[in-house]
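This report refers to the structure that appears directly beneath it.
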Amino acid sequence: MDIAKYIGLFLLKNHFCYVHGLGNMELNKRPAMYDGTSLQAPSYEVVVTPGGSIDDNLANFIATNEQISISKAANELREFSIQTRKDIADGKEVQIPGIGKFVEEGGRVMFITDANFKYTPAGIPIIRNSKQLEEQNAKPAHKPSYPAPHKADSINWSMVILVIVLLIILGGGAYGIYYYTTHNNEATQPVTAVKDTVVPMQVPVTDTMQLKKDTVAVSAPLPVDTLQVNAYKWVIGTYRSKDKADKRMKNLNLAGVEVAEKDSADYLVLVTVNSRIADTLHVKDSLKRYFGYNNVLLYK
């Protein structure tokens with residue numbers, strides 16, 4: 001399969017051709033020049049630029065002309081690109097028939113346009129003379145026919161029905177808002193602030209004479225001060241070796257982080273946080289998000 005031939009045909013047809021591994025080939029027009037003695041006509045040259053948009057247009061063009069699959073055409077095109085890069089790296093030239101050749105200069109892929117290459121773009125359609133234009137204008141032009149418009153009804157019932165439906169929807173929404181606000185106001189009652197009062201704990205006096213044997217008197221629980229700030233140690237990591245636990249502690253590089261031995265097989269990484277007892281749940285959630293450890297526990 002002559003891939004070089006199809007590259008040239010595709011380039012002349014579309015003015016560009018992207019070959020993966022070689023670059024984007026563009027057919028550029030050079031303006032007319034005056035060399036001091038005569039005026040040179042415009043000419044065309046092929047320029048290769050690195051990069052370009054990767055597509056299957058060239059492979060599709062080859063597959064259509066060769067009556068093969070696009071995947072097979074893409075494989076043939078890839079092999080041609082690999083072989084071309086190898087040949088030009090060895091100092092050889094790869095010809096594109098009638099257009100030019102691939103070479104390598106300074107480690108870059110270059111394309112040298114053939115000195116005899118001439119490209120003539122597609123011609124411009126001819127302009128008809130006045131006689132042909134008169135004959136064309138004399139022919140009756142086809143005018144599309146449209147049905148006569150129907151007489152408009154005096155009442156547009158569809159619009160009336162639509163307005164009625166919208167009014168019903170708006171009315172229902174207004175009634176729903178009114179119903180919700182009225183019942184919500186009835187259910188809502190003003191809350192009066194109650195000052196914190198300390199009620200002295202009354203410990204019942206038990207008759208020790210009536211206590212049976214082997215019974216223990218349970219003392220009443222003491223009130224807990226939830227506003228007192230205490231230092232709590234939290235487990236933020238469990239490791240099977242002490243080296244890993246020490247490495248985790250060094251990586252964190254935070255104050256209050258320490259390593260504790262849970263047993264002979266497990267080592268815990270602990271962090272000390274000062275907080276109120278009422279805020280322990282919030283502290284636990286914050287430590288989970290900060291350290292990325294879901295099994296955060298309060299160390300006893």
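Note that region 242-258 has calculated 3J(HN,Hα) couplings of 6, 5, 5, 5, 5, 5, 4, 5, 5, 5, 5, 6, 10, 6, x, 9, 8 Hz, one per residue in order, obtained from phi through the Karplus relation 6.51 cos²θ - 1.76 cosθ + 1.60 (θ = phi - 60°); glycine and proline are x. Taking a ≥ b ≥ c as the square roots of the Cα gyration tensor eigenvalues, with a/c under 1.5 meaning rounded and otherwise prolate when a/b beats b/c, else oblate, which class fits region 13-142? Oblate, because a/c is 1.5 or more while a/b does not exceed b/c.
Close amide-amide hydrogen proximity is noted between Asp114 and Gly100, Lys101, each under 5 Å apart and 5 or more residues distant or on a separate chain (H modeled in the peptide plane; Pro and chain starts excluded).
Amide H contacts for Tyr119 (H built 1.01 Å from N in the peptide plane; partners 5 or more residues away or on another chain; cut-off under 5 Å): Tyr44.
Beta bridges per DSSP, both residues in region 227-300: antiparallel share near 100 percent.
Taking amide H as placed 1.01 Å from N in the peptide plane, the amide H of Glu104 sits under 5 Å from that of Met110, each at least 5 places away or on another chain. Note on surface exposure: Trp157, Trp234 rank Trp157, Trp234 by accessible area, highest first, 1.4 Å probe.
Surface calculation, 1.4 Å probe, protein heavy atoms: Thr64 sits at approximately 80 Å² accessible. Computed 3J(HN,Hα) for region 260-277, one whole-Hz value per residue from the Karplus formula 6.51 cos²θ - 1.76 cosθ + 1.60 where θ = phi - 60°, is 10, 8, 6, 8, 5, 10, 10, 10, 10, 9, 10, 9, 9, 10, 8, 7, 7, 5, glycine and proline marked x.
Our coupling estimate for region 156-172, obtained by passing each phi through the Karplus curve with A = 6.51, B = -1.76, C = 1.60 and θ = phi - 60°, is 8, 5, 5, 5, 5, 5, 5, 5, 5, 4, 5, 5, 5, 5, 5, x, x Hz, Gly and Pro reported as x. Ranking Lys72, Lys118 by solvent-accessible area of protein heavy atoms (1.4 Å probe, all protein chains present), from largest to smallest, gives Lys118, Lys72.
In the structure displayed, which of Lys13/Lys72; Lys92/Lys118; Lys244/Lys284; Lys13/Lys92; Lys29/Lys139 lie more than 32 Å apart, Cα to Cα? Walk me through the numbers on the way to the answer.
Numbers: Lys13/Lys72 22 Å; Lys92/Lys118 25 Å; Lys244/Lys284 23 Å; Lys13/Lys92 27 Å; Lys29/Lys139 42 Å.
The answer is Lys29/Lys139.
The values are calculated or read from the model by the stated rules, or taken from the named source; none is laboratory data. Remember, it's a predicted structure, so these values are computed and weren't measured experimentally. For accessibility, only protein heavy atoms count, side chains too; no ligands or nucleic acids. Shrake-Rupley method; radii C 1.70, N 1.55, O 1.52, S 1.80 Å.
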